[in-house]
Structures are given as C-alpha cells and as structure tokens.
Amino acid sequence: MSERDKEKRDERDKEKKDGRETQRERETDREEWHSAKSFAAGLGESLCQDGLGFMTSITFILLVGIFMSSWLGSSLLALGEWLIKKMPLVSYIYAASKQISAAISPDQSSNVFKEVAIIRHPRIGEYAFGFITSNVILRRNTGDEEFCCVYVPSNHLYLGDIFLVNSNDIMRPNLSVRECIEIVISGGMSIPKILTTDDASIPTIRIGNFAP
C-alpha cells in the first residue's frame, strides 16, 4: 500500500472518529437539554402547587375570620366556650390558656401581665426576665410580707415557671410588656444594650455584665 493510500485511509478514519465524537456530543447535549427541561417543568409544577396551597390557606383563614366576626360565628364561639367551662378539668386549662393568650395579644386593654420584672434565677449571679401577674400578702407571726407572683416564660410564652418573689428583690427595668415579649420570642436579640431600673438604689444593668 502506497503512502498516499495510507494518508487517505487515515483521513477517513479521522473523519469517522470526528463524526462519532460529534454525534456523542450532540446526544450528550440533547440529554442535558431534556434533563434541564424536565427539572424546570417539575420545579414549575412544584411552585404552582405550593403557591396554590398558600393561597388556599390564606383564603380559608380569611373566610374563617369573616365568619367568626359575624353574629352566627360569635354565637357558636360563645356556645363552645360555655360547653368547655362545664367540663371539670378542661375548664381550668382553658381559662389559664385564655389569660395567657390575652396577655400576649396585640390588644392593649389586657392587663394580665402587669409589669416586667428581672429576678435572680436560677442561680446567684444569673437573672431572668419575667412578668408580674399578681401581688400577694404573706402573713406571719412576725408581720406581713409582700410577695409578687412572677411568671418566667420559656422561649414559648405559653410555657414557663411561676415564682413568688419578695417585692424588694425584684428589679423593674424600663421595658414595656410588649418589648419584653419581643425579647423573649427573639431569644434576646432585640434586647437593649443598657437597661435602667425604676429603683434608684439599684444600679444600671449592662447586658453581658450583670452585677451579682
């Protein structure tokens, strides 16, 4: 076989090889395009379903709100509360839950949480935010002693502990009930850098450097 024939054969082999590579590249591009198209279609369908579910939920909540604000809805709600109050154990739980709900409600007419308090808890040198809910007088042979009932919530306002604290051991910071609720819910991220108290004998508290 002459050199020329070899060159022609090599050229044909090269052309075939290039053609096969080009074909494979086209097939790869086609597969990638189909994959991208399928992904986009699935994503669009998912977003459509999520958006439809969100709009359905908003519409349902709106309709329930409109219904409950009507005369018929108010009557049904009153009937439900009447039935719950007739149940021995459930009535106490419902009453307490309703008071807590009223306390954290945007309605400012609620006075369940009377005042914000800072108490020593759980150990000496550590403090906790709480809400004064009521006052009580403890009568002893040595005399009367005034205590405050302080509710110390967890990060969820419906759960917490109740402490009876001597009124002289309570620090009352310059915070409203709403501001303290925001501090509890945010995990302390919305707390001011400096807190002052109404009692002049108690020093100013700097966050991160509590005085024991």
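Just to be sure, is ILE93 surrounded by 11 or more Cβ atoms within 10 Å (Cβ to Cβ), at pLDDT 75 or above and in contact with a Ser or Thr (Cβ under 7 Å, 6 or more places away or on another chain)?
Details: surrounded by 11 or more Cβ atoms within 10 Å (Cβ to Cβ): yes; at pLDDT 75 or above: yes; in contact with a Ser or Thr (Cβ under 7 Å, 6 or more places away or on another chain): no.
When the stated conditions are applied, ILE93 does not pass them.
Among the residues in segment 102-109, are any at pLDDT 85 or above, of a type in the set (A, V, I, L, M) and surrounded by 14 or more Cβ atoms within 10 Å (Cβ to Cβ)? Break it down into steps so the answer makes sense when it comes.
Here is the first cut: in segment 102-109, the ones at pLDDT 85 or above are none.
Within segment 102-109, not a single residue is at pLDDT 85 or above, of a type in the set (A, V, I, L, M) and surrounded by 14 or more Cβ atoms within 10 Å (Cβ to Cβ).
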Picked from segment 163-203 (must be out of contact with any strand residue (DSSP E or B) (no Cβ under 6 Å at 6 or more places or on another chain) and among the hydroxyl-bearing types (Ser, Thr, Tyr)), the residue modelled with the lowest pLDDT is SER201
Taking segment 111-142 and keeping only residues that are modelled with pLDDT under 90, under 24 Å from the mean Cα position of the chain (by Cα), closer than 19 Å to ALA95 by Cα and not in a loop (DSSP other than H, G, I, E, B), one is left with THR133
How many residues of segment 143-190 are free of Cβ contacts under 8 Å to residues at least 40 places away in the same chain and part of a loop (DSSP other than H, G, I, E, B)? The answer is 10
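Any residue that is surrounded by fewer than 16 Cβ atoms within 10 Å (Cβ to Cβ) and farther than 27 Å from PRO192 by Cβ - is there at least one of those in segment 156-166?
Step one: of segment 156-166, the residues surrounded by fewer than 16 Cβ atoms within 10 Å (Cβ to Cβ) are 156, 158-159, 161-162, 164, 166.
Subsequent filtering for residues that are farther than 27 Å from PRO192 by Cβ retains 164.
Checked against the condition, which is being surrounded by fewer than 16 Cβ atoms within 10 Å (Cβ to Cβ) and farther than 27 Å from PRO192 by Cβ, segment 156-166 yields at least one hit.
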Pairing a residue in segment 78-94 that is free of Cβ contacts under 8 Å to residues at least 24 places away in the same chain with any residue that is in a helix (DSSP H, G or I) and of a type in the set (Phe, Trp, Tyr), where Cβ atoms lie under 6 Å and the two sit 6 or more apart in sequence or on different chains, gives ILE84/TYR94
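The values are calculated or read from the model by the stated rules, or taken from the named source; none is laboratory data. Note that the structure is predicted; figures quoted are calculated from it, not measured. Neighbour counts are summed over all protein chains in view; Cβ atoms, including those assigned to glycine, are modelled from backbone coordinates with ideal geometry.
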